[in-house]
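Worksheet for the structure shown next.
The values are calculated or read from the model by the stated rules, or taken from the named source; none is laboratory data. Owing to the predicted nature of the structure, the values given are computational and were not obtained by experimental measurement. Here Cβ is always computed from backbone atoms with ideal geometry, including for glycine, and neighbour counts include all displayed protein chains. Areas reflect the complete protein model, heavy atoms only, side chains present, ligands, DNA and RNA absent. Shrake-Rupley method; radii C 1.70, N 1.55, O 1.52, S 1.80 Å.
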Amino acid sequence: MLTFFCVLLGAIIFEYSNGFHDAANAIATVVSTRVLTPRKAIAMAAFFNLTGALFGGAVASTIGKGLVDTNVVSMTTVLSAVIAAFTWNITTWWFGLPSSSSHALIGGLCGAALAAAKGNWSVIKWNAGVWPKVVVPMITSPFAGFIFGALLMFLLFVALQRFTPHLVHSLFGKLQIFSAAWMAHSHGTNDAQKTMGIITISLFTGTQGGSFDHLPAWLSFLKTPVFVLPKWVIVLCAVTMAVGTAAGGWRIIRTLGHRMVKLQPVHGFAAETTAALIIQGASYYGIPLSTTHVISTSIMGVGAVKRFSGMRWTVVERIVWAWVFTLPASGLIGYALERVLAAH
């Protein structure tokens, strides 16, 4: 029981860190274009992250039972995954790198499950889960963000070339508020779901293992004999994500909103709309997408159309390396933690 509460606490801390780590995903462009003040942008992002987190459950099911064999998952396995993801989140946040919280959690879970199975790779659902729902989207979604962001920006350039810059700036200053809100909402539908899945799998494995057999009546809500998202888990994760978002993530906001390319409201609108559309579609099909990858490459695509030479490719290179190392690094941390915790 103590291990479960450690898992719950770790999951809440991770969800909170996910909120402030990924706050930049929703509001970096709207802050950098000065459409909203940082305080108003974060308040808006927190609210719409909350609304997004309350809808759907396909992504949570993928995380909870679609990636690894639940028969080898124990409380310590889940705890190791959460700690690994949190460790990677904090490390990349410290260096201002917009890495993927989603891939950190997935890597941590796969690494911990592999350690729990004594190195038996068959416990990882490669063909049914990891490959089609993690690896393929990890490769294709950044390209989709870049290509569709560039395409939408090009179409807007063609459509708006006869309008005055002042009118364009004024119009998209208003429209960008809606695109940023949609981006925040879509972020909530995808990212908050991952921690819901982690908590639910710990409840499920705890129930199956008999950890909750002798609970007092007032704790009977913890018993989860089948893998179904409890309502209290949904609300808890949604609120925690919103609170974390309210704390902001200024280091990453600076990287996405200022260091890669200088943006105007029309560019911010194009990037946010592109990213929100891709993320919303992925959430519908239960794909735990990296919202960070999508918004980052959407900004790159928009920036490349604006002026290819204006992109700061050295910053982009650092971001890409962070993406490449996220899954293996968090997987190694999860593997090591599971070995240590299982030995005690």
* **Accessible-area ranking of Val35, Val7, largest first, probe 1.4 Å** => Val35, Val7
* Cβ-Cβ FRET estimate between Phe157 and Asn127, R0 fixed at 45 Å, reported to 0.05 -> 0.60
* **Lysine pairs with alpha-carbon atoms under 29 Å apart, the chain, spacing 8 or more or separate chains** => 26
* Extending each Cα 7 Å along its Cβ direction at Phe221 and Arg34, get the distance between those two points in nm, one decimal. => 4.8 nm
* Selection from Thr76, Thr164, Ile201, by position along the positive dipole direction of the chain (Cβ) -> Thr164
* Under a no-solvent Debye model with one identical scatterer per Cα of the chain, what's log10 I(q)/I(0) at q = 0.09, 0.12, 0.16 Å⁻¹? -> -0.45, -0.77, -1.27
* With springs only between Cα atoms under 10 Å apart, run a GNM on the chain and tell me which of Leu109, Leu289, Leu54 wobbles the most. => Leu54
* Quantify, in whole percent, the carbon and sulfur part of the accessible surface of segment 39-197 (1.4 Å probe; protein heavy atoms only). => 74 percent
* Accessible area of Asp213 in the full protein assembly, 1.4 Å probe (Å², nearest 10) -> 100 Å²
* To do: Using amide H atoms built 1.01 Å from N in the peptide plane, name the residues 5+ places from Val68, or on other chains, whose amide H lies under 5 Å from its own.
  => Lys125
* Structure fact -> Sorted list, accessible surface of protein heavy atoms, 1.4 Å probe, largest first, for Phe157, Phe212, Phe55 is Phe55, Phe157, Phe212
* Asked: Pulled fully out, how much extra length does the chain show between Trp232 and Asp213, if you take 0.36 nm times their separation in residues and subtract their Cα-Cα distance?
  -> 4.9 nm
* Structure fact -> Calculated from DSSP helices alone, with each H run of at least 4 adding -39500 (n - 2.57) and the total divided by the residues of the chain, [θ]222 nm to the nearest 500 comes to -24500 deg cm²/dmol
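Leaving out ligands and nucleic acids, note down the accessible area per residue over the chain with a 1.4 angstrom probe, in whole Å².
42 Å²
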